[in-house]
Amino acid sequence: LLVGEAADNAGYEAVRATWSAVLSGEFDEAWNRLLHAGLHESSANPAAGPAAGASAVAALPVSPAPSREALELSFRVCPSMYDGRYANNGWLQELPDTVTKLTWSNAALISPATADALGLQREDVVRIAVGDRSVEAPVWIVPGQADWTVGLALGYGRSAAGRVGNGVGADAYALRTSAEPWIVGGVTLAKTGERAELASVQDHGSMREPLTGHTRPIVREATLDEYRHEPGFAAEMVEHPPLKQLFTDPQSYAQGYQWAMTIDLNVCTGCNACVVACQSENNIPVVGPEQTRAGREMQWLRVDRYFASPEGDPEQQADPEMVFQPVPCMHCENAPCEQVCPVAATTHDDEGLNTMVYNRCIGTRYCSNNCPYKVRRFNYFNFTKDMPEIMQLAQNPDVTVRSRGVIEKCTYCTQRINAAKIHARLDGREVIDGEIQTACQQACPADAIVFGNLNDPQSAIVQAKAQDRNYAMLSELNVRPRTTYLAKLRNPNPELVES
């Protein structure tokens, strides 16, 4: 009808009529072949064979190598703020940067060698100048940053982002032009004499003890060849005399549900999706930069970042290896926190969970002091008292909203566990493996987190813990955590390593 034909002309026949002018040979056979393949064999564009001429390559502009007098500035898209469109999101402002571990600000990232040469220290405010344009930003020293280069994240320093994002960080767009949108040469750094206190959640990026210098294998890793030579390296890295058990395990550990988790360090990319998912699921408040600088961040899950180097201090190396390690509550079977709580606010249940009774907690923080993993959080202020009603509607109704003065921590998403158990009980069955997913597990794009029932021999968690890469962090303390890790394996090209 649209092309002037009769309205009773069927669509199928119209399509066949169109293709009859295109297909060659016997039509029905060609038509069936076309439908089966889903494409017409002669419809592809001719293959292109572009060739780069030597003269064209030689004509390309060559930027001078960065130097002390003319540094190179590289703009990077912030993994949280992106280009600034998410600057008014408190969850993302408080989300630590994957590498720098900074929150609530960007910074001028420079290498240790560049900092030494220019006499700069962390949190020194510098003026970054490109021609007649300049912006001030605090310095942050990052191992692995190329010498004589400065990295600056986009998305900060906004003035019309809203109540949360206004005035946070330095505006990198003041130095950015359409002609040089990503890399700018001829940059100078000048100390202003001022200092800015940045909110970082991790200051120590080495697994060496700050006082003794001894290495603690918090993260255990090896090359593929080393693993093939010694498959059980992860469990054997810590040598410790046998420890005596002071407490008797409950008999119920052999029956019912027993929850546990593994985190595969081989696939974790440190993307922080698990941290945001946990914050959303468990109504974790945003505390702001001042409280974060005081070490009072509230996220129940953190992703630690460690540098590694075969020789010397990895935080002073030009090209160190880097590894990420998510750290939730370990739900220890010999939980040190439970032994010191004067009001039994933190207890162990029959399913192996280390639980918190918020109404019983009086805020002594003995448990936090006794936790070797430092995963317990304390509400110093009532962050939810003045929360607008519209924001309260966005909170998870299945999770208690905590007031000030109580300890809180990862619960293995106990609300999800109980919901699945209720549904299974109504159906007259057991909880099926994989039916329960913690928030961090559900959000992980790399499937690094496995959660399940240890008493189900066919479960994914049992198979994960049976791997020879499985190990418990700080196992020498005999706290017997339910959360364990699968050691990281690297497979470097030997030719690149030698070079």
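The values are calculated or read from the model by the stated rules, or taken from the named source; none is laboratory data. For clarity, every value in this text was computed on a predicted model and none was experimentally measured. Every residue, glycine as well, gets a Cβ built from its backbone with ideal geometry; the counts of neighbours run over all protein chains shown. SASA here: full protein model, heavy atoms, side chains in, ligands and nucleic acids out. Shrake-Rupley method; radii C 1.70, N 1.55, O 1.52, S 1.80 Å.
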### Query
Does Ser67 count as under 25 Å from Glu290 (Cβ atoms) and either within 19 Å of the chain's Cα centre (by Cα) or of a type in the set (S, T, N, Q) (or both)?
no
### Query
Can you pull out the residues in the range 333-385 that are open to solvent by 30 Å² or more (accessible area, probe 1.4 Å), at positive phi and within 28 Å of the chain's Cα centre (by Cα)?
Arg365, Lys374
## Note on the structure
How many residues of the range 318-339 are closer than 24 Å to Val479 by Cα and part of a loop (DSSP other than H, G, I, E, B)? The answer is 8
### Query
Can you tell me which residues in the range 407-434 are closer than 19 Å to Ser280 by Cα and surrounded by 13 or more Cβ atoms within 10 Å (Cβ to Cβ)?
Ile407, Glu408, Lys409, Cys410, Thr411, Tyr412, Cys413, Thr414, Gln415, Arg416, Ile417, Ala419
### Query
Any residue in the range 122-136 that is under 23 Å from Pro314 (Cα atoms) and basic (Lys, Arg)?
yes
### Query
Considering the range 185-199 alone, what residues qualify as being in a strand (DSSP E or B) and either under 17 Å from Thr103 (Cβ atoms) or in contact with a Gly (Cβ under 9 Å, 6 or more places away or on another chain) (or both)?
Gly186, Lys191, Ala199
### Message
Six or more apart or on different chains, Cβ atoms under 7 Å: show the pairs whose first residue is in the range 67-96 and touching a residue at least 12 places away in the same chain (Cβ under 8 Å) and whose second is assigned to a helix (DSSP H, G or I) and open to solvent by 10 Å² or more (accessible area, probe 1.4 Å).
### Response
Arg68/Ala117; Ser80/Leu92; Met81/Leu92; Tyr86/Leu92; Trp91/Val276; Leu95/Val276
### Query
Considering the range 377-395 alone, what residues qualify as being among the aliphatic types (A, V, I, L, M) and either at pLDDT 90 or above or not in a loop (DSSP other than H, G, I, E, B) (or both)?
Ile390, Met391
### Message
So, restricting to helices (runs of 4 or more DSSP H) that lie completely within the range 21-99, which ones have at least 2 residues that are open to solvent by 40 Å² or more (accessible area, probe 1.4 Å) and over 30 Å from Ser206 (Cβ atoms)?
### Response
27-37, 54-58
### Message
Tally up the residues in the range 344-357 that are in a loop (DSSP other than H, G, I, E, B), closer than 20 Å to Thr400 by Cα and either without any contact (Cβ under 8 Å) to a residue 24 or more places away in the chain or out of contact with any helix residue (DSSP H, G or I) (no Cβ under 7 Å at 6 or more places or on another chain) (or both), please.
### Response
3
### Task
Check off (1) under 28 Å from Asn470 (Cα atoms); (2) assigned to a helix (DSSP H, G or I) for Ser280 and give me the number that stays unchecked.
(1)
